[in-house]
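K.L.:
Input: one structure, supplied below.
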Amino acid sequence: MKRVTIRVPATTANLGPGFDAFGCALRLYTDVTFEETDSGLEITGCDEAFTGPDNLAYTSYCAVLASLSEEVRGVKIHIDAHIPICRGLGSSAALLVAGAMGANVLRDSKLSTQGLLNITNAMEGHPDNLAPAFYGGLTASMVDNGLPVTVNFPLHPGWEFLALIPDFDLPTSLARSVLPANLSRSDAVYNISHGAMVLKALELGDEKLLRNAMQDRLHQGYRKSLIQDYEKIESLVRTTGAAFCLSGAGPTLLCITQTPGLEEKLGAKLPTITTANWQMLPLHVEFRGARIVHAQ
Ligand code: HSE
């Protein structure tokens, strides 16, 4: 095989208290095509700034070939990204996953998905976006002895996800730099207990339980100041009864509800309380992980 296109879903990480652990795949995709050539690197489909050897799809492509002790030959990479960049919807993880899968498929699929997750987790530093991007659905992951371990959790079919995506970005490195290095025991207990409830509420379809459980003391409170109008939007969403959290490191805000019509309810009021432009994007859960959509 000389050419392969990998489709990777967007992901929302943390889901409130599950910092660096919980994640869910969503039906919004980045497709990346890899074609081996005789020499050189050519990257198209993205901003000029991302066409160098530090492109994440290429770095994970090379990391997988290195782990297979295989030579990096020339490669053309074309990126067709529908996941917005630096918005908290897993755009970086999607490129890492695509690169890892692309290299593996082009060299006879010698590594398992777990093997690819191990390699990309070492690059990203946390598996919460990578795991649902590889496996699909709702996942919880831990890192044990340096290696990620992931399980899928069931999800009630009635959930509707609504992403509120602003017109400004927020680099994850900045959103992590404002977090304290240590946590009090009471805050740790708060997050552990709320995290367990989030998973059960998502399984049961219990909106009230999810609304209460999807709160945290580990990251969201520290990140609010980086996202203009966060508190006003949270208050507005809470009047509707929907659950609310930061999507990953932000700045996208995520609403989860069992009640249809949330977009209409928020649509009239959101522009009147905010200064940035917020796109409302209804999303459904993607139960399939990254996959080959074309190969020759
Ligand atoms: N768990 C990560 C964070 C997700 O919140 O920083 C973004 O990569």
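The values are calculated or read from the model by the stated rules, or taken from the named source; none is laboratory data. From a predicted model like this one, the values you see are computed outputs, not experimental measurements. A quick note on method: Cβ atoms are made from the backbone with ideal geometry, for glycine too, and the neighbour counts reach across all protein chains shown. Only protein heavy atoms, including side chains, enter the accessible area calculation; ligands, DNA and RNA are left aside. Shrake-Rupley method; radii C 1.70, N 1.55, O 1.52, S 1.80 Å.
Quick grid of which residues meet (1) open to solvent by less than 80 Å² (accessible area, probe 1.4 Å); (2) free of Cβ contacts under 8 Å to residues at least 60 places away in the same chain; (3) among the basic types (Lys, Arg); (4) farther than 24 Å from Asp169 by Cα:
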position: Phe244; (1), (2), (3), (4): yes, yes, no, no
position: Ser247; (1), (2), (3), (4): yes, no, no, no
position: Glu264; (1), (2), (3), (4): no, yes, no, yes
position: Gly267; (1), (2), (3), (4): yes, yes, no, no
position: Leu270; (1), (2), (3), (4): yes, no, no, no
position: Phe287; (1), (2), (3), (4): no, no, no, yes
position: Arg291; (1), (2), (3), (4): yes, no, yes, yes
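K.L.:
Looking at the stretch 120-135, I want the residues that are of a type in the set (Ser, Thr, Tyr) and have a partner that is near the ligand (Cβ under 8 Å from one of its atoms) and open to solvent by less than 10 Å² (accessible area, probe 1.4 Å) with Cβ atoms under 9 Å, at least 6 apart or on another chain. Which pairs are those?
P.N.:
Sorted first by the residue in the stretch 120-135, then by its partner, the pairs are Thr120/Ala93.
K.L.:
Among the residues of the stretch 41-50, which ones are at pLDDT below 95 and either part of a helix (DSSP H, G or I) or open to solvent by less than 50 Å² (accessible area, probe 1.4 Å) (or both)? Break it down stepwise before answering.
P.N.:
If we filter the stretch 41-50 for residues that are at pLDDT below 95, which is where we start, we get 46-50.
Within the stretch 41-50, Cys46, Glu48, Ala49, Phe50 qualify.
K.L.:
Within the stretch 9-26, identify whether any single residue is in contact (Cβ under 8 Å) with a residue 60 or more places away in the chain, more than 16 Å from the ligand (Cβ to nearest atom), within 19 Å of the chain's Cα centre (by Cα) and open to solvent by 10 Å² or more (accessible area, probe 1.4 Å), and answer yes or no. Explain how you work it out, then say what you get.
P.N.:
So the first thing to find is which residues in the stretch 9-26 are in contact (Cβ under 8 Å) with a residue 60 or more places away in the chain, and the list is 9-26.
Right, trim to more than 16 Å from the ligand (Cβ to nearest atom) and you get none.
Checked against the condition, which is being in contact (Cβ under 8 Å) with a residue 60 or more places away in the chain, more than 16 Å from the ligand (Cβ to nearest atom), within 19 Å of the chain's Cα centre (by Cα) and open to solvent by 10 Å² or more (accessible area, probe 1.4 Å), the stretch 9-26 yields no hits at all.
K.L.:
Give the stretch 1-26 a look and list any residue that's charged (D, E, K, R) and under 16 Å from Val97 (Cα atoms), or say none. Walk me through it before giving the result.
P.N.:
Within the stretch 1-26, the subset charged (D, E, K, R) is 2-3, 7, 20.
If the condition is that a residue be charged (D, E, K, R) and under 16 Å from Val97 (Cα atoms), then Arg7 is the only one that fits.
K.L.:
State all residues of the stretch 170-191 that are closer than 15 Å to Asn14 by Cα, without any contact (Cβ under 8 Å) to a residue 60 or more places away in the chain and open to solvent by 60 Å² or more (accessible area, probe 1.4 Å); if no residue qualifies, say none.
P.N.:
none
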